Every structure is written in structure tokens, then in C-alpha cells.
Amino acid sequence: MEMDSLRVESSLWIGNKRYRAFLSGWYFSWTEIDKTNRDTSLDNKHVTERTNQARDYILKKDVTGFDGVICVGGDGMFSELLHGVIGRTQKEAGISEHEPTVMLQPCDLHIGIIPGGSTDCVCFTTIGINDPVTSTLHIIIGDSQPLDVCSVHYQSTLVRYSVSMVGYGFYGDVLAESERHRWMGPLRYDYSGCMVYLCNRSYPGLVQYLPADSHISSPRDNTRCLSGCRVCSESKERLFPHFESSSSLYSTNVSQYSSELEGEWVTVEGRFKCISLACISSSCPRSPKGLSPSAHLADGTADLILVRETNPLGFLTYLHRHTNTQDQFDLPFVEVHRVKAVRFSLPPGGEEEEEEEEEEGDREIQASAERVLEDPEKLSSSNAAGHSQQHLAGRKERGNVTTSRVKRRGFVCGPCCTKPRSISVWNCDGEILPHTEISCRVHGQLVRLFARGIEDSTI
């Protein structure tokens, strides 16, 4: 790349084609310079063939002299690069990622995304559009956008990092259901969403969160995080008070332990349709404003969304408001909090009560069936007592009522709601977590993207 005060010139590969980009003042040109196959001309490229191969490559690759890493793909590919970049940075700084209270070292290696996935949530949220050419221009120019990252721990073990969403309940069930229908392609998400909605499940949970300063920003203030956001800019001084410049921040090891987890935790217990933690707005073409429209990219906080148990129509209203301009939080069963950390656990005895209720119902059904299928001689004696048909019909009816009471967990009985479950699974940026009781913490401005934020004209 050649740069001076007046022009920027570079070449890059998109697919099997090589392009030359030239920017001088207000003049920009974009031309294809040859059609040589990329495999014979591009040295610093790597084509992945398995899951987590990009992450492993970044962890082992010598990146001395590189400004960043660029991926062509969707949110899954970005997540692999994210884990690789953060992992190697902490290893070089001598910081353990498995310590929940440690302050992670900010990464100086930028990440660039040329969108090629089905949703491209991260690209859409940080640029305002999932267009490959627009993303490429931000990479060429060298734009830099800090981004918050949420670490997910199980006890004292790091499970994953998250940028867009960590979801329990509805979103976890949809992902788990869609894994059984991968043959359907992208259509499996729509199908699984309909099936899980018809099941109308809710789950018991105990949520603890550490609230952020409500005087700085609020998830209900109807603002958007745009390019040059004041809240994000001022948050840098709060997150890194001992660093005067960006260069010193990324070249010097930060303090090992952070004071961000100090404060009074708030506890919320109940039954929830879904629980979501969003570091960013998580917008996409289907949901232009995202899960939390007022979430910021780099303020060191996340938005905790709690949707309590409600009727199917109310939950459908909540889901539909993600696709229009109505406020999805303006519903009596929805609450949202701006937080710095979250812990989730199952209520004491909650899972056992669910299992006992199901076992009790099964025993009643079995006992009713045994009484109905009694020895014919006993049925004859019942008939002699004058109760034959009415007594037998009553028992059958009670058995049907018991069956309905135990199995009536779904709005409509579908293929995925034949057996109710007492717990759900966590959906972490499109991956199912192996644990239910987890803790999450937001690390402010941990990574940097080749992006600029959403411009006013793109809204």
C-alpha cells in the first residue's frame, strides 16, 4: 500500500478477481486489473477447510509487521478471527483468559470483514450495510472502530467470546432446533423459529446483573451509536484512565485486575421466555434496528433484555417489533437494563420441581390407565353396582385431563414440543454453549475493526 497526504492506492482480491483501488482527494476509481487465479498470486492468504481453522491459524501465525487480518465470510468466520486475535494478544501479554475478574489486554491487530454470510450482523452494525465493496473501502482507507467484547465463563473457565448476542430460552431453542435441520440451509432458521414459537416455552431462571451508570447512557434514550459517537469517545477515558494516547494503550500491558466489577448486584428471579445480552445493537437487514437499538459499540456496557413469561400473542408482538419502528421494550412483560456484567443460574429446586411434576403426572396417567384396563370381572361387578358406563367414562375423562395438564406446554403441539424441557441452552453468536449456569463480563474496546461506525446518511 502506498500512502501520502493526497492519495491512497492499493490492490486486493475479492473471490478470484484482483482489483485496484485509487483514492485522490475526492476522486475514487475501482478497476479490475487482472483475472489471474488468486491461488497463484496472493501470498498472505489462507483458505479454511474446517471449523476453528482460522482461529488456530491466527494463534500460530507470525503477524509481525501486519496491521490486521481480513476475512471473507459471515459472523462465524469473524468469531474465529476474534478468538484468535484476542487469544494471541493475551498470551503475549501473559494474561490468563480464564480468570473472570482479569482486565484483558486490548488488541492492536485490526480485524476486517468482507461480508459473505447469511446475516452479517457485525458488519451491518459497524458499517450500516453489508456490502463487500463498502467494507473493502474501509479496509483500504484504514478506518479504525473500537468494539466491546463480552467474555463468557463457566466457573473459572473461559467458554467463548461474544460480540453480538448471548441468548437463553427462545433464541437458544431456535438454534438447537435448527441444528437438526441443517439440510434445509438458511431456511432452517425460519422453520425452527416457527416451531419453537408454537411450543410457547418459558424457563425458570435467576439473573444477577451489575448495572452501568444510568447517567451516561440508557437503553431507552432513543439514541443511536453513530460514527464519532460521543458516548463511546468519552468512555475511553473511563475505561483506560491511565493512558494518554492510543499508542500507549496498545503497546503497554494494562492493569491485571479491573475495578469495573465493583458495585451492587441486582437479582431478578422468575420464568422467562428469553434472556438476551447484547454488546451491540445486533442489527441486520431483517431487523434494521436490532435487538437493542440504543446499544453502543464501544462504551464498555451491554444491554440485558429480560422477556418474562407471557401469552403467545404478546410474545409475537415483541418479536414483530424487531422488524419495524415500534419500541420492542414498551411492553409490560419486557425489561431492559444497561449492565457491565451478568450471572445466570437456575433457581434452587427449580429443575427438581419440574421433573417431579412430570413424574407425578406420568404416575397419574399410568394409574388411570391401569384402572381403565382392569380385569373384566371387576368391570362386571362395577356394572352391577350401577356405575358401569358413567364410572368408566369418568375415569377416561380424568385420564385425558391429566394427560392434557402434563403435556400442555405448547401453544400448538408441533414436532419440537412433544417433550417439554425444564432448561434451555445458551446461544452465543450462533454457537450452543455446553453449560447453563454462566457468567458474562463486558470488556470495553477490546478489539478494533476496519470500520467507521454507521453514518447518518445510512440510517
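The values are calculated or read from the model by the stated rules, or taken from the named source; none is laboratory data. All figures in this text were calculated on a predicted structure; none of them were measured in a lab. We place every Cβ from the backbone using ideal geometry, glycine too, and count neighbours over all the protein chains shown. For accessibility, only protein heavy atoms count, side chains too; no ligands or nucleic acids. Shrake-Rupley method; radii C 1.70, N 1.55, O 1.52, S 1.80 Å.
Going through the stretch 158-170 one residue at a time, which ones are surrounded by fewer than 23 Cβ atoms within 10 Å (Cβ to Cβ) and either β-branched (V, I, T) or modelled with pLDDT under 95 (or both)? Once the filter is applied, which keeps residues that are surrounded by fewer than 23 Cβ atoms within 10 Å (Cβ to Cβ) and either β-branched (V, I, T) or modelled with pLDDT under 95 (or both), the stretch 158-170 yields only V159. For the stretch 193-227, the candidate set comprises residues that are crowded, with 19+ Cβ neighbours inside 10 Å and small (G, A, S); within that set, the residue that is farthest from the chain's Cα centre (by Cα) is S217.
Flag: R230 matches the condition of being open to solvent by 40 Å² or more (accessible area, probe 1.4 Å), more than 17 Å from L277 (Cβ to Cβ) and at pLDDT below 95. Scanning the stretch 140-152 finds one or more residues that are out of contact with any helix residue (DSSP H, G or I) (no Cβ under 7 Å at 6 or more places or on another chain), outside any strand (DSSP E or B) and of a type in the set (A, V, I, L, M, F, W, C). Note on the stretch 89-103: residues that are in contact (Cβ under 8 Å) with a residue 40 or more places away in the chain and either open to solvent by 10 Å² or more (accessible area, probe 1.4 Å) or farther than 25 Å from L239 by Cβ (or both) total 9.
One residue is enough: does the stretch 63-76 have a residue meeting the conditions modelled with pLDDT under 65, open to solvent by 60 Å² or more (accessible area, probe 1.4 Å) and more than 32 Å from the chain's Cα centre (by Cα)? No, that holds for no residue.
Here I86 meets the list (1) surrounded by fewer than 19 Cβ atoms within 10 Å (Cβ to Cβ); (2) out of contact with any helix residue (DSSP H, G or I) (no Cβ under 9 Å at 6 or more places or on another chain); (3) assigned to a helix (DSSP H, G or I) almost entirely, failing just condition (1).
Taking the condition open to solvent by 30 Å² or more (accessible area, probe 1.4 Å) and under 21 Å from the mean Cα position of the chain (by Cα), does Q155 pass? So that I can check it myself, show each step before the final result.
On the way: open to solvent by 30 Å² or more (accessible area, probe 1.4 Å): yes; under 21 Å from the mean Cα position of the chain (by Cα): yes.
Yes.
Would you check if S135 is hydroxyl-bearing (S, T, Y) and either open to solvent by 30 Å² or more (accessible area, probe 1.4 Å) or closer than 12 Å to L449 by Cβ (or both)? Considered against the rule, which asks whether it is hydroxyl-bearing (S, T, Y) and either open to solvent by 30 Å² or more (accessible area, probe 1.4 Å) or closer than 12 Å to L449 by Cβ (or both), S135 comes out as yes.
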